[in-house]
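Engineer: Structure provided below as structure tokens; questions to follow.
The values are calculated or read from the model by the stated rules, or taken from the named source; none is laboratory data. This structure is a prediction, so every number in the text was calculated from the model and none was measured. Neighbour counts are summed over all protein chains in view; Cβ atoms, including those assigned to glycine, are modelled from backbone coordinates with ideal geometry. Just so you know, the surface numbers come from the protein's heavy atoms only, side chains and all, with ligands and any DNA or RNA stripped out. Shrake-Rupley method; radii C 1.70, N 1.55, O 1.52, S 1.80 Å.
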Amino acid sequence: MQALLVMKFGGTSVGSAERMKVACDLIAKEASRRPVTAVVSAMSKITDLLLETTRCAEAGDQTGIDRGLATLETRHLEAAEQLVSAADLERVQQEVRDLVADFRRIVSGMQMLGYRPPRAVDEAIAVGERLSALLVSEHLRSRGLKATAVNAAEAVVTDAVFNNASPLMDATREKANARLQPLLQAGETPIVTGFNGATTDGRPTTLGRGGSDFSASILAAALGAAELWIWTDVDGIMTADPRLVPDAKILDEITYSEAAELAYAGAKVLHPRTLAPLVERRIPVWSKNSFSPDKPGTRIVPALTAGNSGARAVTSMGNVALVSLEPSNSAVSGVHIMAKALDALDRVNVEILALSSSSYRQSFCFLVRNEELDKASEAIETALALELTHGYVNGIEVDRNVGLLAVVGEGMRGAWGLAGRIFTAISRENVNVIAIAQGSSELTISVVVRRDGLEKAVRAVHTECHL
Ligand code: ADP
Ligand code: ASP
Ligand code: MG
């Protein structure tokens, strides 16, 4: 069989019946030449709506639940009307209602409990992707293409970290091939739900917000695809978020490492874990715009064909908090405090975005996402309960008025004076630099600044680095 292409469509690329038709044009065009597997996100804003509805259920807000269910159903029923032929419409609309009923059932359980168990949340929010996979596959069928909607719970095997699961690649390879290869051999195009999977014993999971990119790369690796194309709403990976820096430019090519660093430091265009499954097989990825499909987009590759120098892109994160810890006197080992704190964070799965320490005072600070702050603080308070009670550690300090700016580029390794120019550019804007971190790979320079100066700082650094 010819080499497989995996194509992923993000929320805006399947955000309406019109956008689904365009996505289907792109799928049909490629599927006429080679085997294709498509991975689809939920229609734009649907995952937010589903999550909000589960919160209403937890709070016992019946009006909120009804509103959520009605919006969910109407949006997909109306899209179905434009996507499938009259002969199939009733059947497809019934399938939409059945999926909405699945969601309603889970939400009712939450309402009764007054609680949202993480695993029930995962089962509930995966309904968004199941609805869009249904509509996309039905539209392709109405155009005469052999397409089948597949729930990724039947193909992607994950651990049991609900809401942020990781794939078990060996098990996934087996299950994905068993489920999808027979379809591909029969000339079908599987339309697989992004974002979700299931544990070995079949409990539904999701891969974290924005996780459909990750789903697509997991499947591309598992199926041994030749390429992965990620369709989104911008022309590719840019030197900065175009919403923040209007003159940001498209990068023709970028390495796996650069793309991963950018995504990790907040560039929403890719889910941070997308590249990992592709490294071993060196599967190339294209980031492309479904609103301008003829533009080439950005190619993400193991290594650049032409060398590059200096910084390549700047990115930022606003929803972060800086947590600082300091031993109360020099007799207390700062390394011990740090080790205990980091161990505690690891145990509750908190991701550290940047870390900085001072050797004399043995104080250290680290940056976490706002949504992980409570979990992080609780874990550290528990782990350091003794030290805090006896006053060996000054209290845990939290600063929410901060933002992270990161400059990324393989060519920054050993680049003279770059860090100095970055700091000068930031301070010229009168923005305070609070902490600095540079990974040992020298691929990224991370700067924590005052939150209200973040956007200004990003623009200043973008100009200074001639991006
Ligand atoms: P999708 O729904 O297709 O997955 P996302 O909204 O998750 O799309 O990601 C695309 C968005 O990422 C763009 O609209 C853009 O605003 C944002 N973005 C942030 N940083 C960058 C960057 N460096 N290059 C391109 N887009 C970026
Ligand atoms: N629909 C999910 C989300 O909004 C996954 C994705 O779109 O990548 O987070
Ligand atoms: Mg995304």
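Engineer: Which ones in region 288-329 are modelled with pLDDT under 95, within 23 Å of the chain's Cα centre (by Cα) and of a type in the set (Val, Ile, Thr)?
Structural biologist: Result: VAL301, single match.
Engineer: Evaluate the following for THR298: is it more than 16 Å from ligand 2 (Cβ to nearest atom), touching a residue at least 24 places away in the same chain (Cβ under 8 Å), among the polar types (S, T, N, Q) and within 28 Å of VAL22 (Cα to Cα)?
Structural biologist: yes
Engineer: Still on this model: Output the qualifying pairs, or none if there are none: Cβ atoms under 6 angstrom, residues six or more apart or on different chains, first residue in region 42-62 and open to solvent by less than 20 Å² (accessible area, probe 1.4 Å), second residue not in a helix (DSSP H, G or I).
Structural biologist: MET43/GLY15; THR54/ARG116
Engineer: To continue, here is another question. Report the residue count in region 345-384 for those that are without any contact (Cβ under 8 Å) to a residue 40 or more places away in the chain, within 22 Å of ARG400 (Cβ to Cβ) and in contact with a helix residue (DSSP H, G or I) (Cβ under 8 Å, 6 or more places away or on another chain).
Structural biologist: Number of matching residues: 10.
Listed here are the residues, each with its yes/no results for (1) surrounded by 23 or more Cβ atoms within 10 Å (Cβ to Cβ); (2) in contact (Cβ under 8 Å) with a residue 60 or more places away in the chain; (3) not in a helix (DSSP H, G or I).
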position: PRO190; (1), (2), (3): yes, yes, yes
position: ALA198; (1), (2), (3): yes, no, yes
position: ARG209; (1), (2), (3): no, yes, yes
position: ALA248; (1), (2), (3): no, yes, yes
position: ILE254; (1), (2), (3): yes, no, yes
position: LEU262; (1), (2), (3): yes, yes, no
position: PRO277; (1), (2), (3): no, yes, no
position: GLU280; (1), (2), (3): no, no, yes
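Engineer: On the given criteria, is GLY109 of a type in the set (Gly, Ala, Ser), part of a loop (DSSP other than H, G, I, E, B) and at pLDDT 95 or above?
Structural biologist: no
Engineer: Among the residues in region 267-274, are any open to solvent by 40 Å² or more (accessible area, probe 1.4 Å), free of Cβ contacts under 8 Å to residues at least 40 places away in the same chain and either basic (Lys, Arg) or not in a loop (DSSP other than H, G, I, E, B) (or both)?
Structural biologist: No, that holds for no residue.
Engineer: Out of region 224-236, which residues are within 16 Å of ligand 2 (Cβ to nearest atom) and open to solvent by less than 40 Å² (accessible area, probe 1.4 Å)?
Structural biologist: LEU228, TRP229, ILE230, TRP231, THR232, VAL234
Engineer: For region 112-149, give me the residue count where each residue is small (Gly, Ala, Ser) and part of a helix (DSSP H, G or I).
Structural biologist: 7
Engineer: Give just the number: which of (1) without any contact (Cβ under 8 Å) to a residue 40 or more places away in the chain; (2) open to solvent by 40 Å² or more (accessible area, probe 1.4 Å) does ILE426 not satisfy?
Structural biologist: Just one mismatch for ILE426, condition (2).
Engineer: Collect the residues in region 400-423 that are modelled with pLDDT under 95, surrounded by 14 or more Cβ atoms within 10 Å (Cβ to Cβ) and farther than 25 Å from ILE300 by Cα, keeping them in residue-number order.
Structural biologist: ALA419, ARG421, ILE422, PHE423
Engineer: Inside region 16-52, can you point out the residues that are in a loop (DSSP other than H, G, I, E, B) and over 26 Å from LEU183 (Cβ atoms)?
Structural biologist: Answer for region 16-52, where residues must be in a loop (DSSP other than H, G, I, E, B) and over 26 Å from LEU183 (Cβ atoms): SER16, SER44, LYS45.
Engineer: Is it the case that some residue within region 297-307 is surrounded by fewer than 21 Cβ atoms within 10 Å (Cβ to Cβ), more than 18 Å from SER217 (Cα to Cα) and not small (Gly, Ala, Ser)?
Structural biologist: yes
Engineer: Please go through region 18-41 and give me each residue that is open to solvent by 40 Å² or more (accessible area, probe 1.4 Å) and polar (S, T, N, Q), ordered by number.
Structural biologist: Residue satisfying the conditions is SER32 alone.
Engineer: Going by the structure shown, is ASP233 charged (D, E, K, R), farther than 21 Å from ALA155 by Cα and away from ligand 3 (no atom under 16 Å from the Cβ)?
Structural biologist: In short, no.
Residue by residue, here is whether (1) in contact with a helix residue (DSSP H, G or I) (Cβ under 7 Å, 6 or more places away or on another chain); (2) modelled with pLDDT of 95 or more holds:
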site: THR232; (1), (2): yes, yes
site: ILE237; (1), (2): yes, yes
site: PRO242; (1), (2): no, yes
site: ALA265; (1), (2): no, no
site: PRO272; (1), (2): yes, no
site: PRO277; (1), (2): yes, yes
site: ARG281; (1), (2): yes, no
site: TRP286; (1), (2): no, yes
